[in-house]
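Nothing in this text is a laboratory measurement; each read-out follows from the coordinates by a stated rule. Since this is a predicted model, take the numbers as computed values, not measurements. All Cβ positions, even for glycine, are placed from backbone atoms using ideal geometry, and neighbour counts span all protein chains on display.
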Amino acid sequence: QLQLQESGPGLVKPSETLSLTCTVSGGSISSRGYYWGWIRQSPGKGLEYIGSIYNSGNTYYNPSLKSRVTISVDTFKNQFSLNLNSVTAADTAVYYCARHYPKDFWSTVRFDPWGQGTLVIVSS
Amino acid sequence: NFMLTQPHSVAESPGKTVTISCARSSGSIASNYVQWYQQRPGSSPTTVIYEDNQRPSGVPDRFSGSIDSSSNSASLTISGLKTEDEADYYCQSYDSSNQGVFGGGTKLTVL
């Protein structure tokens with residue numbers, strides 16, 4: 001059964017870079033037809049798509065975050081990572097990683113399964 | 001890009017049926033499939049409906065999905081409500097570049 005687990009600092013200072021890693025187990029991140037994505041949920045708010053990456057390194061980024069986001073993949077470690085720079089309090093959220101079904105290979109775009117999520121607080 | 005608008009909250013009694021709507025702001029609701037996720041308190045989202053009306057294995061048939069082109073919206077219907085259905089529900093579709101678009105979420109209270 002595929003599982004995803006986020007890891008990284010729970011506290012980041014304003015203007016610094018938020019860095020998280022998602023470790024995939026029970027399956028290969030190199031599997032054909034799947035992207036690997038990041039989604040966040042601000043306290044008491046809804047879900048916001050951040051971006052996704054394929055095992056080749058091809059990426060999609062939410063235009064509203066694109067200037068600050070970098071997603072990378074390490075196929076040897078079966079991990080992918082999120083870097084979000086110049087963070088502010090507005091970036092405080094629970095960050096989820098998820099397997100992303102892209103329209104290129106599937107009939108729809110969806111996210112399944114999701115990791116348990118990790119809370120990142122931006123504060124000095 | 002388009003937006004998906006959901007009611008902030010709905011409430012219903014156990015055993016009853018509830019419907020949660022998801023209205024698309026521009027473009028046809030039928031142009032891209034809609035998914036529905038359930039998020040129980042303290043947990044991550046799980047899929048209850050994909051491709052407008054398909055249930056993943058393990059999701060009870062009390063959950064059903066549909067779209068309505070006349071109102072340009074999707075709906076999630078839960079029948080025979082149980083207290084365990086109390087959760088936040090999110091609709092999700094996508095744009096032309098494979099990016100996910102989420103609704104704001106609906107809090108379902110089972111009274």
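For the pair the stretch A:23-60 and the stretch A:69-106, the centres of their Cα atoms are 5 angstrom apart.
Across peptide B:34-44, the mean count of Cβ atoms from other chains lying within 10 Å of each residue's own Cβ comes to 3. Within the straight-line cut-off of under 20 Å between alpha carbons, the aspartates and glutamates reachable from B:Lys82 are B:Glu12, B:Asp61, sequence neighbours fewer than 8 places apart in one chain being disregarded. The Rg/Rh ratio of the stretch A:1-47, with both radii computed over alpha carbons and Rh defined as the Kirkwood radius, is 1.04.
Fewest-first ordering of A:Val12, A:Val109, B:Val59, B:Val48 by other beta carbons within 10 Å of each residue's beta carbon gives B:Val59, A:Val12, B:Val48, A:Val109. If one puts a single equal scatterer on every Cα of the protein assembly as shown and applies the Debye formula without solvent, what log₁₀ I(q)/I(0) results at q = 0.10, 0.16, 0.17 Å⁻¹? Rounded to two decimals, the profile gives -0.45, -1.14, -1.27.
The alpha-carbon of A:Lys66 sits under 29 angstrom from the alpha-carbons of these lysines, leaving out residues fewer than 8 places away in its chain: A:Lys13, A:Lys45, A:Lys77, A:Lys103. 3J(HN,Hα) along the stretch A:38-47: 10, 9, 10, 9, 5, x, x, 10, x, 8 Hz, from the Karplus curve 6.51 cos²θ - 1.76 cosθ + 1.60 with θ = phi - 60°, whole Hz, x for Gly and Pro. For chain A, the fraction of C-alpha pairs more than 18 angstrom apart is 48%. A simple spin-label model places pseudo-atoms 7 Å from Cα toward Cβ; at A:Glu16 and A:Asn83 they are separated by 1.6 nm. Treating r as the C-beta distance of A:Ser7 and B:Ser69 and R0 as 45 Å, the FRET efficiency rounds to 0.55. Placing a label point 7 Å from the Cα of A:Ser28 along the Cα-to-Cβ line, the residues of the stretch A:74-99 whose backbone N sits under 17 Å from it are A:74-80.
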